[in-house]
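> Structure below; questions to follow.
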Amino acid sequence: MNIDDYRLTGDKKIDLTEIPTTEGKTDENEKIRDEVIPPLVDRLQLLHQKLNAEEKHGILVVLQALDAAGKDESISYIFSNLNPQGLKVTTFGKPTEVEQKHDYLWRMMPALPARGEVGILNRSHYEEVIAPRVHDNVLLDGDYPAGVDEESIWPMRYEQIKNYEKYLHDNNIHIVKFFFNMSKDEQKRRLLERMKDPDKQHEFSFSDVEERQYWDKYQEVFQDMLNETSTEYSPWYVLPADDEWHTRRLVNEAMIDLMEKLDPKFPEMTGEEKEKLEEYIEKLESE
């Protein structure tokens with residue numbers, strides 16, 4: 001499949017239950033890891049170097065999924081290979097007391113990349129249209145504008161998020177969003193692996209198991225999120241997360257696809273700068 005086959009741009013509604021969580025690629029894990037991904041990472045590194053040097057475009061990467069779906073591993077195996085000077089990673093947890101006193105997108109500001117940077121959100125502003133819906137949390141009084149209730153606030157927030165992402169896009173901050181579509185059985189297998197392996201127990205949280213009781217509700221909310229916030233300027237990629245290395249390959253390919261469309265270039269010296277460069281080369285060589 002082509003990377004475009006995983007992209008949602010809002011032109012049609014999807015049924016998440018009909019999108020596969022696996023494409024049977026787990027048997028190819030070693031080949032994908034050792035042969036396919038390394039040259040992709042090399043291409044991504046070069047494009048990132050150009051993006052960072054040009055300082056014309058920024059990229060905001062959104063990683064959204066349930067626990068154990070592979071977000072952290074994608075950061076470790078892919079984005080950690082990029083130049084740290086042009087990379088920033090932000091993990092959003094439960095809003096702090098200070099954050100709750102502001103609008104729900106306020107805490108996004110420090111996480112935004114500068115032009116020339118790739119910013120990665122491990123969880124994101126989308127938590128504000130996921131967790132409160134799944135757990136039926138009562139939002140604060142200030143979160144409800146006049147005439148808006150617990151039903152109408154979600155369509156309103158979807159529209160606000162799309163407008164916000166359009167604003168970022170129009171200011172050369174390009175957004176690419178990845179949803180790791182994992183099956184319940186695969187999450188169970190990965191959680192048990194973490195729980196039984198002493199070297200992986202630090203990755204486990206008891207809440208990971210507790211949240212499984214809300215599985216169906218999460219899937220319903222995820223589907224709504226994907227359908228309501230996929231746009232041409234800010235697409236979602238729905239990835240078959242049961243195939244962990246295949247998914248990492250797809251993240252690489254989507255990032256390369258976006259950067260190649262942006263076509264960043266290393267800055268070129270002006271005529272005056274070139275003359276001065278030749279002068280300094282000659283000066284050093286004559287020492």
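> Only helical DSSP H runs with n ≥ 4 go in: add -39500 (n - 2.57) per run for the chain, normalise by residue count and round the 222 nm mean residue ellipticity to 500 deg cm²/dmol. Intermediate values should be presented prior to the final figure.
Numbers: 10 runs with 118 residues, N = 287.
My calculation for the chain gives -12500 deg cm²/dmol from helical runs alone.
> Net charge around Trp215, counting only other residues with Cβ within less than 13 Å of its Cβ (Lys, Arg = +1; Asp, Glu = -1)? The partial results should precede the final answer.
Numbers: positive: Lys184, Lys188, Arg212, Lys217; negative: Asp67, Asp185, Glu186, Asp208, Glu210, Glu211, Asp216, Glu220.
Result for the local shell: -4.
> Something else about it: What shape does segment 156-207 take by its C-alpha gyration tensor, where a ≥ b ≥ c are the square roots of the eigenvalues and a/c under 1.5 counts as rounded, a/b above b/c as prolate, and the rest as oblate?
Note, shape of segment 156-207 comes out prolate.
> Taking segment 101-203, which trypsin sites (Lys or Arg not before Pro) meet the DSSP loop condition and have no more than 11 other C-beta atoms within 10 Å?
Details: sites: Lys101, Arg107, Arg115, Arg123, Arg133, Arg157, Lys162, Lys166, Lys177, Lys184, Lys188, Arg189, Arg190, Arg194, Lys196, Lys200; in loops: Lys101, Arg115, Arg123, Lys200.
In loop regions of segment 101-203 (DSSP not H, G, I, E or B), the sparsely surrounded trypsin sites (Lys or Arg not before Pro) are Lys101.
> For the full complex of protein chains and a 1.4 angstrom probe, list Ser80, Ser234 by accessible area with the highest value first.
Numbers: Ser80 75, Ser234 0 Å².
These residues rank, largest area first, as Ser80, Ser234.
> Could you tell me what a quarter of the Cα convex hull surface of segment 57-178 works out to, in nm² with one decimal place?
Details: hull surface 32.5 nm².
So the Cα hull casts an average projection of 8.1 nm².
> Also: Find the all-direction average of the projected area of the Cα convex hull for segment 206-284, expressing the result in square nanometres with one decimal place. Intermediate values should be presented prior to the final figure.
Values: hull surface 44.5 nm².
Answer in nm², one decimal: 11.1.
> Assuming 1.002 mPa s and 20 °C, estimate D for segment 1-102 with Stokes-Einstein, Rh taken as the Kirkwood radius over Cα pairs, in µm²/s. All intermediate terms of the calculation are to be shown ahead of the outcome.
Values: Rh = 17.1 Å.
The Stokes-Einstein estimate is 125 µm²/s.
> Further question: Hey, if you put +1 on the Cβ of every Lys and Arg and -1 on every Asp and Glu Cβ in segment 1-119, which of Pro39, Asn52, Ile75 ends up farthest toward the positive end of that dipole?
Selected residue: Asn52.
> Which of the helices in the chain, when you take each full DSSP H run, stretch at least 24 Å along the axis at their Cα atoms and have an average Kyte-Doolittle score of -1.0 or higher? Show your work: numbers first, answer last.
Details: long enough: 37-54 (25 Å, -0.16); 153-170 (25 Å, -1.37); 244-262 (28 Å, -0.50).
Membrane-span-like by this criterion, though nothing is claimed about a membrane: 37-54, 244-262.
> Would you mind working out the magnitude of the charge dipole of the chain relative to its Cα centre, with +1 at each Lys and Arg C-beta and -1 at each Asp and Glu C-beta, to the nearest 20 Debye? Numbers along the way, then the final one.
Numbers: 37 positive and 62 negative charges, 65 e Å.
Roughly 320 debye, rounded to the nearest 20.
> Considering only the other residues whose Cβ falls under 12 Å of the Cβ of Arg115, what net charge follows from Lys and Arg at +1 and Asp and Glu at -1?
Numbers: positive: Lys56; negative: Glu54, Glu55, Glu117.
Taking every other residue near Arg115 into account, the sum is -2.
> Could you name the lysines in cross-link range of Lys94, using Cα to Cα under 26 Å and dropping any fewer than eight places away on the same chain?
Lys71, Lys162, Lys166, Lys177, Lys184, Lys188, Lys200, Lys217
> Percent of Cα-Cα pairs more than 19 Å apart in segment 172-251, please. Mind showing how you got there, number by number?
Working: 1620 of 3160 pairs.
In whole percent, the share of Cα-Cα pairs in segment 172-251 beyond 19 Å is 51.
> Please list the radius of gyration and Dmax for segment 136-287, considering alpha-carbon atoms only, with Å as the unit.
Expressed in Å, the Cα Rg and Dmax of segment 136-287 come to 24.4, 77.
> Could you look at segment 237-287 and say what percent of its accessible area is carbon and sulfur, using a 1.4 Å probe and all protein chains? Before the final figure, lay out the partial values.
On the way: 1580 of 3200 Å².
Percent of accessible area from carbon and sulfur atoms in segment 237-287: 49.
> If the only charges are +1 at each Lys and Arg Cβ and -1 at each Asp and Glu Cβ, what is the size of the charge dipole of segment 132-287 around the Cα centre, to the nearest 20 debye? Numbers along the way, then the final one.
On the way: 21 positive and 39 negative charges, 138 e Å.
Taking the Cα centre of segment 132-287 as origin, the dipole is about 660 debye.
> Pick the calculated Cα Rg over 2.2 N^0.38 Å for this structure from (i) 1.02; (ii) 1.27; (iii) 1.13?
(iii)
The values are calculated or read from the model by the stated rules, or taken from the named source; none is laboratory data. Here the structure is a predicted model, which means the values were calculated and not measured. Cβ coordinates were reconstructed from backbone atoms using ideal geometry, including for glycine residues, and neighbour counts include every protein chain displayed. Ligands, DNA and RNA are excluded from the accessible area calculation, which covers all protein heavy atoms including side chains. Shrake-Rupley method; radii C 1.70, N 1.55, O 1.52, S 1.80 Å.
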